[in-house]
Every structure is written in structure tokens, then in C-alpha cells.
Amino acid sequence: MSAKSFLVAPSILSADFSKLGQEISAIEEAGADWVHVDVMDGHFVPNLTLGAPVVKSLRPVTKLPLDVHLMIDDPDRYVEDFLKAGADYITVHVESRGFSKELLQKIRSQGAKSGITLRPGTPLSDIEPFLSEVDLVLVMTVEPGFGGQSFMVDQVSKIEALSKWRKEHSLSYLIEVDGGVSDKTLSHLAEADVLVAGSYVFKNDYKQAIKSLKTLP
Ligand code: DX5
Ligand code: ZN
């Protein structure tokens, strides 16, 4: 059997914001598969980051898919802006105010990939009704809001259940994991497809860190 391989999506939340374009070129050169962009509004989570104009300005910098993780209330109000800005994947929280199945359909109908995610305290049953509408399911293994937190091992059962559900229902969504991902936590992630890593990539040698997450030995 060949080794399990993952797509690696460095989270630019941990990058140097004074030179974001260069940071993205650097991770692309270092072997990143996607660029994970954390959008926070200071309401849904107690932190503020960036919006669609920044995504638009990053679009020409890289050929890699832009994987936009919306941690905002009223995503419906802003999703169009992110679509126009060139986002490839748009992931919305099931707990966000105004979340709906129609929102996921809108993302897909505009040619982007739709994603759904949930806070660690939210049961998987809350997203089950939407799993046939998405291209990506993001499992949060930290409380959304900040980089650099510890991996919550009690969330691993969600990854495994999502893999089982996908098989049983003949679906094809990708399973992405976000929060505290590093070479130390990789052994828990065998059933995932895409690994987001912020501090682990940006606080280490980019190439070595990305390479260490690409395969499960
Ligand atoms: C947290 C964000 C993550 C964050 C991960 O709300 O969704 O994408 O950047 O950072 P690390 O990898 O440092 O846990
Ligand atoms: Zn994220």
C-alpha cells in the first residue's frame, strides 16, 4: 500500500502581513498546494483580519487555489465580494448568523467550490443535512479565532465519521482539518485530505514544514 498523501494549505494568518505577496510566493515555491485565508469579522470570532479587497489583491500573486475560511456573521452579505475577488473555495460556518443551504448553492452556482465548517463544540449532526451540497468539509481542531492554539484531539472522531459518511452516501467532498496541525499531530489525521497549518509552517523552514505534512509515514 502506498503512503497516505495530503494537500497542504498554509494559513496566511501566521504570515508577515507587511509582505503578504512575498509570503505567498514563498509558500508556493516551498510546495504548498493551496493558500488558506482566514477572514474574521470581530463578531463571529473575537478577532479581525482581512476582507475581499485583500483576497483580490492576492489573486494575481499566485496560481494556487485560494481557500477562504469565513469566520463572519451574515456571510450571505459578503460572499459575492469574495467570489468576485477570485476565491476558489469558500467555507462558511454552520453557526454563522444567516447560514443557509441556499448560500452553499450560491457559491457553487458562481463557479466556486463550497465548504462548510463547524466549531469544536458543534455536533456533526448540525452539518449532516448540508453534506450533499458541499465540495469541502472543514473540521476545526481549535476554537476559531486565533492561530497558534493546541490541537484538540477530541475532534478527530469527526474526521473519521465524515470519511465514513462520504463512503456510505457516495459523496466526494474533501475533508480539511484546521488548527494545531503539525508533524506532531499528523498521526491523527489519516482520514483527512487537506491540512491547514499556520504557525507550524510560518515559524519553521517553509519547505521542510510543508514536506513533513505531505505524507503520513
Ligand atoms: C483559526 C484559523 C486557522 C489558524 C490555524 O481560527 O481558522 O486557520 O490560522 O493556525 P495554527 O495552524 O497555528 O493552529
Ligand atoms: Zn482557518
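See the values below:
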read-out	value
All positions within the stretch 19-48 that are surrounded by 13 or more Cβ atoms within 10 Å (Cβ to Cβ), free of Cβ contacts under 8 Å to residues at least 60 places away in the same chain and polar (S, T, N, Q)	Ser25
The stretch 164-213: number of residues that are outside any loop (DSSP other than H, G, I, E, B) and either away from ligand 1 (no atom under 16 Å from the Cβ) or among the polar types (S, T, N, Q) (or both)	11
Search result, residues across the stretch 93-119 that are within 16 Å of ligand 1 (Cβ to nearest atom) and farther than 23 Å from Val156 by Cβ	Ser96
Any hit, the stretch 118-133, residues being over 13 Å from Glu95 (Cβ atoms) and either within 14 Å of the chain's Cα centre (by Cα) or within 14 Å of ligand 2 (Cβ to nearest atom) (or both)	no
All strands (runs of 3 or more DSSP E) inside the stretch 18-131 with 2 or more residues being at pLDDT 95 or above and among the polar types (S, T, N, Q)	113-118
Failed condition for Asp16, given (1) more than 16 Å from ligand 1 (Cβ to nearest atom); (2) surrounded by fewer than 16 Cβ atoms within 10 Å (Cβ to Cβ)	(1)
Residue, farthest from ligand 1 (Cβ to nearest atom), within the stretch 120-153, restricted to residues that are over 26 Å from Phe202 (Cβ atoms), open to solvent by 40 Å² or more (accessible area, probe 1.4 Å) and of a type in the set (Asp, Glu)	Glu128
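The values are calculated or read from the model by the stated rules, or taken from the named source; none is laboratory data. Computed from a predicted model, the values in this text were never measured in an experiment. Please note: Cβ atoms are built from the backbone with ideal geometry, for glycine as well, and neighbour counts cover all protein chains shown. Only protein heavy atoms, including side chains, enter the accessible area calculation; ligands, DNA and RNA are left aside. Shrake-Rupley method; radii C 1.70, N 1.55, O 1.52, S 1.80 Å.
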